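Quick notes on the structure that follows.
The values are calculated or read from the model by the stated rules, or taken from the named source; none is laboratory data. If you're wondering where the values come from, they're calculated on a predicted model, not measured in any experiment. Cβ sites come from the backbone with ideal geometry, for glycine too, and all protein chains shown count toward neighbours.
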Amino acid sequence: MKLFVDTANLEEIEALVPLGIVDGVTTNPSLLAKVGGDPRAALKRICEVVQGPVSAEVVATDSDGMVREGRELAAIDPHIVVKVPFGKPGVRACHTLANEGIRVNVTLVFSPAQALLAAKVGASFVSPFVGRLDDIGTSGMNLISQIVEIFENFEFSTEVLVASVRGPIHVIESARMGADVCTCPPKAIEALFNHPLTEIGLAKFLADWAKAQQQQPVA
Ligand code: E4P
């Protein structure tokens, strides 16, 4: 399973990329607004650092506007994947952009039917939001399992990109279900590293080693 970072903050991305675990980045208007500045320049810099798919979302609400904006975003860098919100304008824009060879990530997906429609119009990725479903008392991971099953039935090449991830359980369950990608906020990636027994084990190895060194006879 590929791991994307869900942030527009370049410093956070630069801290994670050298670990070798980052396959791409997802941004959205809220994340880009948070970092401020020129969003196009920020996206270009992220593409240079990551060298993998970088999702950049349109803000137009009509299909023609989404297509226009999508073409402009795609021209920033070959790594850009144009993100369009699910809905009739988004589906229509995805159909047009995908036919032009522009990769599209259909976002704000909350049902298997929406994912199916996005796959039918050639989306490269669909982004089901698991955390936001959990927030309203519905199982986000159940949605992932249904979408993975549907895409396998028809051998769609659309990748299931699990979004709105809150922590390690979402990541582990996504991997178990065979989702293609999980996009995680840096905090959730950080949490994947942690296990108290690893820290306790390392402290003991180092303490035992230091003790043995002290017990060495002086030559
Ligand atoms: C990424 O593609 C999504 O925009 C993001 O994961 C949404 O996450 P949130 O529900 O934490 O805002």
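Evaluate the following for Arg40: is it in contact with a Leu (Cβ under 9 Å, 6 or more places away or on another chain), over 22 Å from Pro85 (Cα atoms) and part of a helix (DSSP H, G or I)?
Against the criterion (in contact with a Leu (Cβ under 9 Å, 6 or more places away or on another chain), over 22 Å from Pro85 (Cα atoms) and part of a helix (DSSP H, G or I)), Arg40 does not qualify.
Considering only residues that are within 16 Å of the ligand (Cβ to nearest atom) and assigned to a helix (DSSP H, G or I), which ones fall in the range 116-129?
Here is the first cut: in the range 116-129, the residues within 16 Å of the ligand (Cβ to nearest atom) are 118, 123-129.
Of everything in the range 116-129, just one residue is within 16 Å of the ligand (Cβ to nearest atom) and assigned to a helix (DSSP H, G or I), namely Ala118.
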Query - Exclusive hit being more than 16 Å from the ligand (Cβ to nearest atom), under 17 Å from Val160 (Cα atoms) and modelled with pLDDT of 95 or more, set Ala75, Ala98, Ala60, Ala93 - result: Ala98
Query - Yes/no for Lys2 being basic (Lys, Arg) and closer than 18 Å to Leu161 by Cα - result: yes
Query raised in the report: Restricting attention to the range 13-57, which residues are in contact with a Pro (Cβ under 7 Å, 6 or more places away or on another chain) and either under 25 Å from Val91 (Cα atoms) or within 14 Å of the ligand (Cβ to nearest atom) (or both)?
Result: Gly24, Leu32, Glu57
Report summary line: Of those in the range 101-115 that are of a type in the set (A, V, I, L, M, F, W, C) and either in a strand (DSSP E or B) or within 22 Å of Ile144 (Cα to Cα) (or both), the residue nearest to the ligand (Cβ to nearest atom) is Leu108
Report task. Name the single residue, out of those in the range 130-168 being among the charged types (D, E, K, R) and within 12 Å of the ligand (Cβ to nearest atom), that is nearest to Pro185 (Cα to Cα). Result -> Arg166
Query - Exclusive hit being touching a residue at least 24 places away in the same chain (Cβ under 8 Å) and under 23 Å from Gly101 (Cα atoms), set Val54, Val35, Val22, Val49 - result: Val54
Query raised in the report: Taking the range 182-216 only, how many residues are more than 23 Å from Ile13 (Cα to Cα) and either within 16 Å of the ligand (Cβ to nearest atom) or touching a residue at least 60 places away in the same chain (Cβ under 8 Å) (or both)?
Result: 0
**Report entry** Residue within the range 118-129 that is surrounded by fewer than 18 Cβ atoms within 10 Å (Cβ to Cβ), modelled with pLDDT of 95 or more and farther than 30 Å from Ile102 by Cβ present
**Finding:** no
Report task. Consider Val148 carefully, then state whether it is outside any helix (DSSP H, G or I), modelled with pLDDT of 95 or more, touching a Gly at 6+ places or on another chain (Cβ under 9 Å) and hydrophobic (A, V, I, L, M, F, W, C). Result -> no
Query raised in the report: Among the residues of the range 176-199, which ones are surrounded by 10 or more Cβ atoms within 10 Å (Cβ to Cβ), part of a helix (DSSP H, G or I) and among the hydrophobic types (A, V, I, L, M, F, W, C)?
Result: Met177, Ala188, Ile189, Ala191, Leu192, Phe193
